[in-house]
Structures are given as structure tokens and as C-alpha cells.
1. Considering each residue of the range 206-230, count those that are assigned to a loop (DSSP other than H, G, I, E, B) and under 16 Å from the mean Cα position of the chain (by Cα), and give that number.
2. Could you list, in sequence order, the residues of the range 142-176 that are at pLDDT 80 or above and either under 15 Å from residue 129 (Cα atoms) or part of a loop (DSSP other than H, G, I, E, B) (or both)?
3. Any chance the range 100-116 includes a residue that's in a helix (DSSP H, G or I) and under 20 Å from residue 7 (Cα atoms)?
4. So which of 425, 378, 412 ends up being within 30 Å of residue 39 (Cα to Cα), surrounded by 20 or more Cβ atoms within 10 Å (Cβ to Cβ) and free of Cβ contacts under 8 Å to residues at least 24 places away in the same chain?
5. Restricting to helices (runs of 4 or more DSSP H) lying wholly in the range 1-89: which have 3 or more residues that are on the phi < 0 side of the Ramachandran plot and in contact (Cβ under 8 Å) with a residue 60 or more places away in the chain?
6. Conditions: (1) part of a helix (DSSP H, G or I); (2) out of contact with any strand residue (DSSP E or B) (no Cβ under 8 Å at 6 or more places or on another chain); (3) more than 30 Å from residue 38 (Cβ to Cβ). Residue 354 meets all but one. Number of the miss?
7. Is it true that residue 372 is within 25 Å of residue 322 (Cβ to Cβ) and more than 25 Å from the chain's Cα centre (by Cα)?
8. Of everything in the range 256-284, what is assigned to a loop (DSSP other than H, G, I, E, B) and closer than 15 Å to residue 235 by Cα? Give them in sequence order.
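The values are calculated or read from the model by the stated rules, or taken from the named source; none is laboratory data. Keep in mind it's a predicted model, so treat the numbers as computed, not measured. Note that we place each Cβ from the backbone using ideal geometry, even for glycine, and neighbour counts take in every protein chain shown.
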């Protein structure tokens with residue numbers, strides 16, 4: 001069913017029928033999961049909401065769910081829909097939005113226009129700006145999603161003063177929280193629950209598949225790879241160089257590395273080129289940056305070697321040399337590989353929490369290193385975090401309280417303990433409790 005036919009039925013209040021909500025109908029995660037990315041309830045006042053997130057994480061399914069629930073709750077014609085994948089450019093987008101805005105019933109209690117994948121339209125913000133300036137969106141809540149490599153937040157910031165009076169207008173659609181997966185999966189997967197979540201990366205379709213079949217199917221990895229290859233091509237970058245960069249990031253894992261080194265070992269001309277590929281992966285919410293922290297000056301040191309953890313674990317698994325399709329595969333991984341996955345899992349969770357809270361730089365984090373010791377994540381006004389995939393003892397961290405007497409340390413490992421300034425929790429403890 002095409003978009004025009006769907007909108008005709010929405011105007012009549014018809015909510016049942018094949019093709020009316022195709023992503024909800026086809027979603028393997030339907031009925032299993034809820035979403036939690038900071039936008040719990042859509043506002044009833046007009047404005048513009050921009051939601052950005054990776055493929056395979058359920059943005060389109062969420063959008064259709066909100067579309068259907070709006071029609072259920074507020075009546076026929078209160079919600080309409082556009083698909084950016086089928087719009088040629090900003091002029092056509094402007095015409096389509098203006099046309100649909102005129103179809104809302106005059107007595108509608110509210111008006112919501114949902115646009116999926118708006119970033120497929122080059123220059124989409126120009127159309128929104130022109131419409132807003134003319135007052136055409138004055139009574140409409142515009143809800144848009146996108147996953148294009150050109151950062152949707154930067155484009156959305158070109159609309160100052162045109163997004164209404166909403167308290168927050170930009171959201172990142174991040175991975176499913178572990179606690180939501182845990183509630184559904186632990187009766188079935190039992191001790192494999194954590195491992196299943198890690199190999200699925202919190203992607204709802206991948207989580208639903210591993211819960212149903214015990215493994216992540218190949219098509220999910222293929223879709224993830226094709227999405228990133230496609231964005232690489234749209235950005236005018238080389239696929240072979242992207243693959244070499246990914247290989248280096250995998251090989252370096254949780255070790256600091258200078259961009260000049262990444263450039264040289266990836267066969268790139270200079271660190272500026274390497275920075276461009278890292279920016280691409282960051283725009284896609286695949287890789288974060290953990291910069292060194294100087295405690296004496298209480299500042300980050302961006303010019304020194306940084307870490308580049310994968311914050312999208314499904315993408316990490318897609319390019320992993322040892323791709324893990326089953327929980328047992330990751331559970332039996334070597335200690336070094338498991339340590340890498342543990343650190344990436346903590347980085348991904350910190351990113352999820354920061355994105356949900358509306359942090360303007362959720363991909364940025366800090367680490368500290370001396371000649372003898374290292375702390376993986378330095379946090380302001382929160383316990384610092386050290387990650388160890390194996391067992392840990394509080395005696396290993398006697399030095400911490402002496403070196404940083406005003407700080408506390410959280411050790412994510414296989415052991416639980418608490419002594420002085422140091423507390424040990426398991427990875428599952430950490431993922432289940434946002435407060436630690």
C-alpha cells in the first residue's frame with residue numbers, strides 16, 4: 001500500500017488492514033520489547049522533533065507505533081505519514097508537507113505529521129525552515145527520524161527558533177536497555193541471557209531473533225554491513241579504506257592509538273583522512289571516542305592517543321574476526337577477546353545513558369593512564385570505572401584511594417565486593433542498574 005492510500009485511510013480513522021502499518025506487521029520484535037530513549041510520551045503541543053539512530057534498532061517500528069496510537073487516542077485524521085526514501089528533494093518535501101498539513105480536520109484536537117528517514121532527502125532542513133518561516137507548521141507536531149551519515153543533529157541545529165517551545169527536540173534512538181531484554185529473555189535463555197544481549201548489541205530485531213532461535217541470523221549482520229557501506233559511498237569515501245580502518249579499530253580494541261598511527265596502518269594519506277573515517281563512524285553512532293584525562297589540570301588531552309570503543313555492539317559483531325552468532329560462541333571466547341567485549345559493553349551502556357539524558361556529546365568519554373595503572377572510564381561526580389573480564393580483587397586497587405582520595409571506583413568484573421572507595425560489580429549488575 002503506497003503512502004497516499006495509507007493517509008486516505010488514516011483520515012477516515014481506519015486502523016486495520018494489511019499494509020497500513022508495515023513495520024509493525026513485519027517486526028520480529030513486535031510484542032517483545034518497549035522503547036526507552038528519553039521520549040516516553042509525545043508532546044501534544046506543536047513543534048519539531050528530530051530522532052536519529054542506526055539501522056536495525058527499530059526507529060521505523062517506533063514511528064509507526066506512535067502513528068497508530070495517535071489515531072487510536074485522538075481520532076481520525078490526527079496523524080499522517082511521509083517516507084523520505086520516496087521524496088526526491090527539498091522542494092518536493094516542502095510541497096508534500098504543505099499539502100498534508102491542509103488535510104488535517106479543522107476540529108482535530110491535535111495534528112501530528114510523522115516523516116520516516118527524512119535524512120534521505122538532501123537539504124531536508126531547507127524545506128522545514130521555509131515552511132516554519134511561513135507559519136505552515138504552526139499547529140503541527142512534526143516527528144522525524146533519520147540515520148544518514150551527515151549528522152542529523154548538526155542539520156537540526158540549522159533550525160534555531162523554529163522547533164516550537166518543546167523542552168527537548170533532538171533525540172538519539174539507541175540500543176534496547178539490557179533490563180528490558182532481561183525481563184523477557186531470562187526465563188528462556190537463563191545463564192545465556194547476558195551473552196545473547198551482547199552479540200545482538202541491543203538491536204530489537206537481533207534480540208528477538210536470538211530469543212526465538214538461539215542465534216543472530218546472517219541477514220541481520222548483512223543489513224548492518226550494507227547500511228554502513230551505503231553511508232560510506234554516499235559520503236564519497238572508499239570502502240576498502242573503511243574496511244582497513246575497521247580492521248585497525250578491531251585490532252587495537254581497547255588500547256589507545258594516535259590518529260597518525262591509524263592513518264599509516266590503514267594506508268591513508270594522513271591523520272586528517274583517518275579523522276574523516278572516524279567522523280563517519282561516529283555520525284552513524286558506531287564508534288565513540290575516549291580521550292586521556294589529565295588529573296593535575298582536570299582536563300582532557302585530545303592531542304594524545306585516544307581509544308575508539310564500539311558503542312554499537314551489533315556493528316562490532318558484524319566486523320569481528322570471530323563473529324559470534326550464538327551466546328555460547330562469545331561465552332567461550334578467549335580472555336583477551338572477552339575483555340574487549342566487556343569494555344565495549346560498558347562504553348555502549350554509558351553512551352546509551354548519556355544519549356537518553358540528552359547529553360550534547362554522548363559519544364565522548366575519558367580514561368586515565370599512568371606508567372603503572374589505568375582507569376578505563378573517568379566520570380564527573382560519579383564513580384570511575386575499571387573493566388576486567390575475569391576475576392578481580394579489592395587488593396588490586398589499594399593504590400586508587402591513595403592516588404585519588406576524593407574519588408570512588410567501580411570495578412566491573414566477575415566478582416562482587418566493596419571496600420573503602422572501591423566497589424566490585426558484575427557486568428550484568430552494571431547493565432541492569434542505571435544508578436551505578
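1. Looking only at that region, the number is 0.
2. If the condition is that a residue be at pLDDT 80 or above and either under 15 Å from residue 129 (Cα atoms) or part of a loop (DSSP other than H, G, I, E, B) (or both), then 142, 143, 144, 166, 167, 168, 169, 173, 174, 175, 176 are the ones that fit.
3. Going through the range 100-116, the residues in a helix (DSSP H, G or I) turn out to be 100-101.
Now drop any that are not under 20 Å from residue 7 (Cα atoms), which leaves 100-101.
Yes, there is a match, as at least one residue in the range 100-116 is in a helix (DSSP H, G or I) and under 20 Å from residue 7 (Cα atoms).
4. Only one candidate qualifies: 425.
5. Of the helices (runs of 4 or more DSSP H) lying wholly inside the range 1-89, those with at least 3 residues that are on the phi < 0 side of the Ramachandran plot and in contact (Cβ under 8 Å) with a residue 60 or more places away in the chain span 3-12, 59-74.
6. In the conditions (1) part of a helix (DSSP H, G or I); (2) out of contact with any strand residue (DSSP E or B) (no Cβ under 8 Å at 6 or more places or on another chain); (3) more than 30 Å from residue 38 (Cβ to Cβ), residue 354 misses (3) alone.
7. For residue 372, the condition - within 25 Å of residue 322 (Cβ to Cβ) and more than 25 Å from the chain's Cα centre (by Cα) - is not met.
8. Across the range 256-284, the qualifying residue is only 284.
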